[in-house]
Amino acid sequence: MRVLTILNNRHAPAGYFGTAILKRGGYYDSLLAPEASHSLDPTATTEVPEAPGDYDGLIVLGGLMRATDDAEHPYLPRLAALIRSFEAEGRPVLGICLGAQLMARAWGADGWRMPSLEIGFTPLRTTPAGLADPLLRGLDPQPALMQWHVDSFDLPEGAELLMTGTACANQAFRIGHLAYGLQFHCEAPVDSLRQWVMTYAHHAEDAPAGFFEHFDAQVRQHHLGARRWAESFADRWVDLVATTRRQRQAA
């Protein structure tokens, strides 16, 4: 099993999903798309591919840019097309934060700026469709999960809304049976979250008053539950990748 992870920021790697892939005996390559740098040969220039190739699944991670920042990041349309290609070839796709926004774009939905930044551990609700979803069934239906975004998106036509929130309604969705978009950052362990807060505080100047002072208290309160949720979801997504791989091999 081999998965391609697209990093849109060097400080936002696959986290718990990478761990889940390795635990299953799989392997994942990382492509830092803004710098065209690939983990197999960081000294070479590697663009976002046009097709899945021999990868069994795709994870598209978060970044500071908007999903429509084509002028500054010209690889974004190519990445949106790649997302569609994986799903069309029956290979699972997971988009996280910017990755979910790019998934919505890939299926023709509009993105837009929220009235204010959503940041920190936020209570979410699993919808009836989510309660029945094979990757969410039996997980905590009201988890508090990490957010850091000011952009949101319309739900693509035909997508099922799996999780929702108060400030941002479209938190998790599924297209078909293989493409999942998550607005929240369930992938990041505590060390990554603290690095983000230290490194990118200047990108969160409109965070709610007291956020930075109380962030460690939020972490202590919520990180264990968030980790359990993330590890369970990651294991199930990797199972989906392994299952579809066996099905392709048997066909």
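Starting from the stretch 131-142, keep only residues that are closer than 19 Å to Ala179 by Cβ, then list their pairs with residues that are modelled with pLDDT under 95 whose Cβ atoms are within a distance under 7 Å, requiring at least 6 positions of separation or different chains.
Close Cβ pairs (under 7 Å, with a partner that is modelled with pLDDT under 95) do not exist here.
Let's see how each residue does on (1) touching a helix residue (DSSP H, G or I) at 6+ places or on another chain (Cβ under 6 Å); (2) over 25 Å from Arg220 (Cα atoms):
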residue	(1), (2)
Gln101	no, yes
Asp140	yes, no
His149	no, no
Cys168	no, no
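List the number of the failed condition for Met163; all other conditions in (1) in contact with a Gly (Cβ under 6 Å, 6 or more places away or on another chain); (2) closer than 19 Å to Phe121 by Cβ; (3) touching a residue at least 60 places away in the same chain (Cβ under 8 Å) hold.
Status for Met163: all satisfied but (3).
Enumerate the pairs (first residue in the stretch 207-226 and of a type in the set (A, V, I, L, M); second residue anywhere and outside any helix (DSSP H, G or I)) with beta-carbon separation below 7 Å, excluding pairs fewer than 6 apart on the same chain, so at least 6 apart or on different chains.
Ala207/Leu117; Ala207/Ile119; Ala226/Phe121; Ala226/Pro143; Ala226/Ala144; Ala226/Leu145; Ala226/Met146; Ala226/Cys186
Just give me the residues in the stretch 142-188 being over 14 Å from the mean Cα position of the chain (by Cα) and polar (S, T, N, Q), in sequence order.
Selection gives Gln142, Thr164, Thr166.
Have a look at Gly57, Gly90, Gly62, Gly99 and point out the one that is surrounded by fewer than 22 Cβ atoms within 10 Å (Cβ to Cβ) and either in contact with a strand residue (DSSP E or B) (Cβ under 9 Å, 6 or more places away or on another chain) or of a type outside the set (S, T, N, Q) (or both). Reasoning before the result, please.
Values: Gly57 fails: surrounded by fewer than 22 Cβ atoms within 10 Å (Cβ to Cβ); Gly62 fails: surrounded by fewer than 22 Cβ atoms within 10 Å (Cβ to Cβ); Gly99 fails: surrounded by fewer than 22 Cβ atoms within 10 Å (Cβ to Cβ).
Being surrounded by fewer than 22 Cβ atoms within 10 Å (Cβ to Cβ) and either in contact with a strand residue (DSSP E or B) (Cβ under 9 Å, 6 or more places away or on another chain) or of a type outside the set (S, T, N, Q) (or both) holds for just one of Gly57, Gly90, Gly62, Gly99, which is Gly90.
Which ones in the stretch 18-54 are surrounded by 16 or more Cβ atoms within 10 Å (Cβ to Cβ), among the aliphatic types (A, V, I, L, M) and touching a helix residue (DSSP H, G or I) at 6+ places or on another chain (Cβ under 8 Å)?
Matches in the stretch 18-54: Ala20, Ile21, Ala33, Val48.
Please pick out the residue among Asp41, Asp29 that is in contact (Cβ under 8 Å) with a residue 24 or more places away in the chain, more than 30 Å from Arg113 (Cβ to Cβ) and not hydroxyl-bearing (Ser, Thr, Tyr).
Of Asp41, Asp29, the one residue that is in contact (Cβ under 8 Å) with a residue 24 or more places away in the chain, more than 30 Å from Arg113 (Cβ to Cβ) and not hydroxyl-bearing (Ser, Thr, Tyr) is Asp29.
Hey, could you check the stretch 1-58 for residues that are of a type in the set (S, T, N, Q) and either within 21 Å of Ala88 (Cα to Cα) or part of a strand (DSSP E or B) (or both) and say which is farthest from the chain's Cα centre (by Cα)?
Within the stretch 1-58, the subset of a type in the set (S, T, N, Q) is 5, 8-9, 19, 30, 37, 39, 43, 45-46.
Now narrow it down to the ones that are either within 21 Å of Ala88 (Cα to Cα) or part of a strand (DSSP E or B) (or both): 5, 30, 37.
On the way: Thr5: 10, Ser30: 14, Ser37: 20 Å.
Within the stretch 1-58, the match that is farthest from the chain's Cα centre (by Cα) is Ser37.
What is the residue count in the stretch 104-127 for residues that are outside any strand (DSSP E or B) and either among the basic types (Lys, Arg) or in contact with a Leu (Cβ under 9 Å, 6 or more places away or on another chain) (or both)? Reasoning before the result, please.
First, pick out the residues of the stretch 104-127 that are outside any strand (DSSP E or B): 104-110, 124, 127.
Remaining after also requiring either among the basic types (Lys, Arg) or in contact with a Leu (Cβ under 9 Å, 6 or more places away or on another chain) (or both): 104-106, 109, 124, 127.
Of the residues in the stretch 104-127, 6 are outside any strand (DSSP E or B) and either among the basic types (Lys, Arg) or in contact with a Leu (Cβ under 9 Å, 6 or more places away or on another chain) (or both).
For the structure I just gave you, tell me whether Gly158 is touching a helix residue (DSSP H, G or I) at 6+ places or on another chain (Cβ under 7 Å) and either without any contact (Cβ under 8 Å) to a residue 60 or more places away in the chain or over 29 Å from Glu35 (Cβ atoms) (or both).
no
The values are calculated or read from the model by the stated rules, or taken from the named source; none is laboratory data. Just so you know, these numbers come straight off a predicted model, no measurement behind them. Don't worry about glycine lacking a Cβ; one is built from the backbone with ideal geometry, like all the others, and counts go over all protein chains shown.
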